[in-house]
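This report concerns only the one structure given below.
The values are calculated or read from the model by the stated rules, or taken from the named source; none is laboratory data. Since this is a predicted model, take the numbers as computed values, not measurements. Note: ideal-geometry Cβ built from the backbone for every residue, glycine included; neighbour counts use all protein chains shown.
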Amino acid sequence: MRRSFLALAILAAAAAALLAPAPTSAQTHPTAWDAALLERPDVKAALTHLEREFPAQVREWIRIAEMPGKSQHEQQRGAYVRAEMERLGLEVRVDSIGNVTGVRRGSGGGPTIVFAAHLDIVHSLETDLKVRKQGDTLRAPGIFDNSASVANMLAVIRALRAANVTTTGDLVFVGTTQEELGLRGMAYWLANNPRPDLLIAMDGGLGPINYGALGIYWTRYRFTSDGAHTLRSRGQPTPVRALADAVQRIYALEPPPLPDGAVINIGQVHGGDIFNGIPQDLFFTVDLRTPDPVLLDSLDRAITRIVREAAEREKVTLAVEVEQKNGAGGTERMLEGARAHPLVQTAIDIQRQLGVRLGPPGTPAAIATGSTDANVGVVLKIPSISIGRAYGGNQHTLSEWADEPSALLGSKLTLLLATTFGDGVKVVAPRYVP
Ligand SMILES: [Zn+2]
């Protein structure tokens, strides 16, 4: 097993070397963000507005977090965002997948910048979403991912309006749907709208800026058999043995770890409902992630081959059901050009200016392993990043929490990116070569 993986890894490394752009001097720090923007009266007023209205932002954040939002059931959140955007004078439309888009027109000639905050959460409609506050900590399923970003987005729209900030470029704010089901809302949006110049996903904890795209493949492997009573089961084909064999061999693949390698997780194993019989239907799921497009496809093929062999050996029927295939943006080395883009470098500079904590000592200012709406942009070679919303943790669990005061940092970061790129910085022929 290890040997066959080694062959894969060598193949992947060779392909990576071919794809990697030649190093350029621009990669050190091509833009020095001009902190003078902080002194521009309108920007200053907008930042002051964010600070002054922060208690109201938190109240709205809690209100949004307590609305149901399971993927494909984002309607109440969508209706709320739509109403607020309309009230704030944006040109609003809702598409057939439920994405809510609000356009703040620029005076012309500037880049089009999309800010995307996903509306959906992973928690079921039955989950108690009541927010509990303990000191500076807010606790509730979905409070962090991604209710915080939706509130940040609305707060920024209000601050821009209150301070009469004008931009040359159009600022396009999108509440996306079905992010947690494989970035479906954003994929639909980009397929049905003019290509933006920049894409900023508001998602994730405050920390390194994310400029890459972790490829994510979700596959369900389903075995079926005729079944048999336990007393007649001896020596009969059983999906259970095929599954056990396949699962063991998949874990033995052990690819090198992220950030450049891959992670494989078997998240669901289902089948059989009685003690006294061979199950007729059994499945398990694979969540495969890597930023390396070559490794992604080679691992995907290797896993499918393993499962196919297990099914053949056991003489059970196999169905391979692809749930999502989200492409990989490239490893850090492949994305050197993307990292040098002014969007990434400016976001790094603004975070520094705001004093955003990156994490343990040695944490880089930007990383290439995103799993957000920005992934869709990265794969389409649109300069794209994801930025944090607040500090927090335990995403996708019932013990999810967020640090309330830090959402102000997330909002300020968004506002400063909007004012920098919406007006000041020209983004023409970007050095973006993923
Ligand atoms: Zn999220």
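Across region 375-397, which residue is farthest from LEU198 (Cα to Cα) among those that are away from the ligand (no atom under 16 Å from the Cβ) and surrounded by fewer than 24 Cβ atoms within 10 Å (Cβ to Cβ)?
Going through region 375-397, the residues away from the ligand (no atom under 16 Å from the Cβ) turn out to be 379-383.
So of that shortlist, the ones also surrounded by fewer than 24 Cβ atoms within 10 Å (Cβ to Cβ) come out as 379-382.
Details: VAL379: 13, LEU380: 11, LYS381: 10, ILE382: 6 Å.
Ranking the qualifying residues of region 375-397, first place goes to VAL379.
If the condition is being without any contact (Cβ under 8 Å) to a residue 12 or more places away in the chain and within 28 Å of the chain's Cα centre (by Cα), then region 239-266 contributes only PRO257.
Restricted to region 162-206, and to residues there that are part of a strand (DSSP E or B) and β-branched (Val, Ile, Thr), the residue that is farthest from the ligand (Cβ to nearest atom) is VAL172.
For every residue, the table says whether it meets (1) more than 20 Å from the chain's Cα centre (by Cα); (2) at pLDDT below 95; (3) outside any helix (DSSP H, G or I).
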residue: VAL320; (1), (2), (3): yes, no, yes
residue: LYS325; (1), (2), (3): no, yes, yes
residue: ARG352; (1), (2), (3): yes, yes, no
residue: PRO361; (1), (2), (3): yes, yes, yes
residue: PRO405; (1), (2), (3): yes, no, no
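Among the residues of region 341-356, is there at least one that is assigned by TED's automatic domain parsing to the domain that holds LYS70, within 16 Å of the ligand (Cβ to nearest atom), in contact (Cβ under 8 Å) with a residue 60 or more places away in the chain and crowded, with 19+ Cβ neighbours inside 10 Å? Scanning region 341-356 turns up no residue that is assigned by TED's automatic domain parsing to the domain that holds LYS70, within 16 Å of the ligand (Cβ to nearest atom), in contact (Cβ under 8 Å) with a residue 60 or more places away in the chain and crowded, with 19+ Cβ neighbours inside 10 Å.
When restricted to residues that are touching a helix residue (DSSP H, G or I) at 6+ places or on another chain (Cβ under 6 Å) and part of a helix (DSSP H, G or I), region 288-318 contains 9. When region 239-287 is filtered for residues that are surrounded by fewer than 18 Cβ atoms within 10 Å (Cβ to Cβ), assigned to a loop (DSSP other than H, G, I, E, B), touching a Pro at 6+ places or on another chain (Cβ under 9 Å) and among the charged types (D, E, K, R), only ASP273 remains.
Taking the criterion of being more than 28 Å from ASP403 (Cα to Cα) and in contact with a Phe, Trp or Tyr (Cβ under 8 Å, 6 or more places away or on another chain), the only residue of region 168-196 that qualifies is GLY169.
Among the residues of region 141-157, what is the count of those that are more than 20 Å from the chain's Cα centre (by Cα) and within 16 Å of ARG77 (Cβ to Cβ)?
2
Scanning region 410-420 for residues that are modelled with pLDDT under 95 and assigned to a loop (DSSP other than H, G, I, E, B) turns up nothing. For region 107-156, a tally of residues being among the charged types (D, E, K, R), within 14 Å of the ligand (Cβ to nearest atom) and in a loop (DSSP other than H, G, I, E, B) returns 1. Quick one: in region 86-106, which of the residues that are within 23 Å of the chain's Cα centre (by Cα) and not in a strand (DSSP E or B) is farthest from the ligand (Cβ to nearest atom)? Per the stated criteria, the residue is SER96. Here GLN236 fits the description: assigned to a loop (DSSP other than H, G, I, E, B) and without any contact (Cβ under 8 Å) to a residue 60 or more places away in the chain.
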